[in-house]
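Comments concern the structure below.
Coordinate-derived values only; no laboratory data. Remember, it's a predicted structure, so these values are computed and weren't measured experimentally. Every residue, glycine as well, gets a Cβ built from its backbone with ideal geometry; the counts of neighbours run over all protein chains shown.
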Amino acid sequence: MEFVRRHPIFAALSALFVLAIGTLVGAAVIWSAFSEQIKAILDDQFYFSVILSLVLFGLIMGAVAYSILLERKISAWVQDRYGPNRVGPYGVLQPIADGLKFLLKEDVIPANVDKSLFLVAPWMIFIVGLVGFAVIPWGGAFRWPWMDADAPPLVAQVASVDIGLLYILAVSSMGVYGVVLGGWSSNNKYSFYGAMRAAAQMLSYEIPLGMAVLVAILSTGMLRLEQMTEYQAQHGWLVMYHPIAALILFITALAEANRMPFDLAESEQELIGGYHTEYSAMKLAMFFLAEYAHMITSSALIVCLYFGGTHVPGWHWLNTSESAAAMLARMGVMGAKVFLFICLYMLVRWTLPRFRYDQLMRLAWKSLVPLTMALVVIQVLIVYFDAWRWWALIGNAALLLVGAVFSVASGRRITGRQHSLRRAQGELMAYR
Amino acid sequence: MEQMLVYLAYAAAALGALAVYAALPREGRPASRGVVLTLVAAAVGALLLLMGQLLGEAGQRVYFYVLSLLTLGGAVRVVTHPRPVYAALFFVMVVLSTAALMVLVGAEFLAAALVIVYAGAILVTYVFVIMLAQQSAPQSGGMFAQALQYDRDSREPMAAVLVGFVLVGTIAGVIVNYEWTGLAEYKTTAAEGNTLALGRVLLTDFAVSVELAGLLLTVAMVGAIALARKRIPQHDEGEPELAPGEIGKRVSPF
């Protein structure tokens, strides 16, 4: 018992406990004193959006910190290790320790860097990683308990814009700058190679990404993300009609986030750390935060486009109710779906080896782009002839079949320069 | 009144031309910073006067002014900055603030398309190429210390400024004078939204133009591929083809 009381974790936990009680009491006092004003502010969509964006920012920063822990735990699980387990029970306080470490480390700015761009680059990538959240429909329409039943409902979404999806595409297309500027301004050959690789890769994978998104736009005929999820609630999730497009969207999202099979830009064995080689302390942390925030945004995008957003089949109350509790539940559902996708990202990272550079480009230009083009054509035909929706699935199957027949008949492996290698092997065998 | 506005537009263009001419990088006798700032202030003042006359009491003027000043300032820095990477980044700033201006008048789709196409694709390629061509360098010893010679000295400042600003002045004069009619039939409702309406107009009234633009882009792409296409042999001629494990050691058949 004495040991428990002396342990720093005990002190930290009791401090947290006191802090939580204090916050609750303070919130109750403020609520009882200013409840009318607070209600008036919460009823207004604009102020609610501002508050929601602040809350989401906090939540997402927390989620990012803990997804780094999750990543380490999953990697440990994949590699049959324990993973971080020293700080707190099961290592749950590890992110706090990591954050403190990043904050307290010396912030080195090397002498020969292009200083202004060097300072701007982490912010650029960080902001771009975060602003995409604004148009994700986290909770749908709802009313506070004190609002009239016929009052116009609020929307649990920071901004409901007419071009929701295009906004996300526009924002994510700006993500290249942070990487390129960070790599170039470091004045380091390795950083520069990393930046160049990242730029070429992100530009290439933006094309199949855009086309996979276009398939979803064509299927629903809408650009607002909340209307797209609405459509899926009525007609079934889009992944049932277009599984290949969903898969391609996932693959390109991996590439856009510079995640494992596509992380040539920061491959440790070749480039030390790629574009963030010269960065240290909080600036380095910002690159990581941006990467994980990008993962969360792209997961939310995939969920909204192909996996029904907040929709759960068969749960009528959750899907239609406009109460605040249902809104929170929908946020929970969205969070759970995003969480599943993030786990998938991490499993992929610790399972697949890195691509070679020519394989990376070949995958984008010779398989993903033609595939998505074919999918777009299929969906365009369905829209034009106003045909049965399930033709999309049949078209997907036919596409897979054609691809399989083509690859078997052509007899070429799709992995890089293997065919010349095999020819050489054949000659060798014939010689023997 | 109309006539006066046209002259005001010309005056703004002329002052802008003077300011840009003074601000262009020059190795010989660069204009003093005070002169440049005074000229820029005068040009901006004339422009604001013109805008105030044109817009009258139109709403959202603060945002409009801030964004257009950002756009113009960025554009001036694009041509006057001695370091190409920074010039390209100022170009990005111009594109972003132009997109914001478009959002301000309700053309969200154009804004998004502008950002995706220009800032997200074309300018990335610019930055990419510029960065490949030039190593970044420390900035000590003044901004001009590290810039290359052909970046320190603008080549034909007088001709470039004249041509550019004659064009600007002409366009501004025409815009100031023009009677905007025939726009009513393309008016959209809030429920429909601009994006939907734009798509409908583009694919019905202007279908041929869209098709032609698509054809042009396809031709350009085919041309680019035809120019860049070159078969790289896997092996040099005369060199025996070796299995990967054998590369580096001689394999003699006997």
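A cut-off under 12 angstrom between Cβ atoms defines the neighbours of A:G183, and their net charge, with Lys, Arg +1 and Asp, Glu -1, is -1. Quick note on region A:35-163: its Rg to Rh ratio, both from C-alpha atoms and Rh being the Kirkwood radius, is 1.11. Our summary gives chain A a relative contact order of 19 percent, counting only alpha carbon pairs under 8 angstrom and 6 or more residues apart.
The packing ranking, built from the mean of other Cβ atoms within 10 Å per residue, places the peptides B:42-48, B:169-175, B:207-213, A:189-195 in the order A:189-195, B:42-48, B:169-175, B:207-213, highest first. For region A:156-216, taking the reciprocal of the average inverse distance between every pair of different Cα atoms yields a Kirkwood hydrodynamic radius of 13.2 Å. Can you pull the mean other chain C-beta count within 10 Å for peptide B:100-113? Mean shielding by partner chains, rounded to a whole number: 3. Our coupling estimate for region A:202-215, obtained by passing each phi through the Karplus curve with A = 6.51, B = -1.76, C = 1.60 and θ = phi - 60°, is 5, 5, 5, 7, 5, 5, x, 4, x, 6, 5, 5, 4, 4 Hz, Gly and Pro reported as x. Take the Cβ atoms of B:R26 and B:M4, set R0 to 41 Å, and the FRET efficiency comes out at 0.70.
In plain terms, if you count all Cα to Cα distances in the protein assembly as shown and split them into 20 Å steps from zero, the share in each step is 13, 43, 35, 8, 1 percent. For a label point 7 Å from the Cα of A:I41 along Cα→C-beta, name the residues of region A:140-163 whose backbone N is under 15 Å from it. No residues fall inside that zone. Over chain A, DSSP H runs of length four or greater, each weighted -39,500 (n - 2.57), average out per residue to a 222 nm ellipticity of -23000 deg cm²/dmol.
Counts of other chain beta carbons within 10 angstrom of each beta carbon in peptide A:107-117 average 3. Taking packing as the residue-averaged number of other Cβ atoms within 10 angstrom, the listed peptides A:329-339, A:14-24, B:65-75 run from highest to lowest as A:329-339, B:65-75, A:14-24.
When the Cα convex hull of region A:176-283 is projected onto planes of every orientation, the mean area is 8.1 nm².
Neighbours of A:H276, meaning other residues whose beta-carbon lies under 11 angstrom from its beta-carbon, give a summed charge of -2 when Lys and Arg score +1 and Asp and Glu score -1. Across peptide A:160-170, the mean count of Cβ atoms from other chains lying within 10 Å of each residue's own Cβ comes to 5. At the listed q of 0.11, 0.12, 0.15 Å⁻¹, the Debye profile of region A:44-352, built from one uniform point per Cα, gives log10 I(q)/I(0) equal to -0.71, -0.84, -1.25.
Placing pseudo-labels 7 Å out from each Cα toward the beta carbon at B:V174 and A:S280 gives an inter-label distance of 5.8 nm. Spacing of the modelled spin labels on B:L167 and B:A121, each 7 Å from Cα toward Cβ, amounts to 2.3 nm. Of the peptides B:214-227, A:54-67, B:116-129, the ranking by mean beta-carbon count within 10 Å, highest at the top, reads B:116-129, A:54-67, B:214-227.
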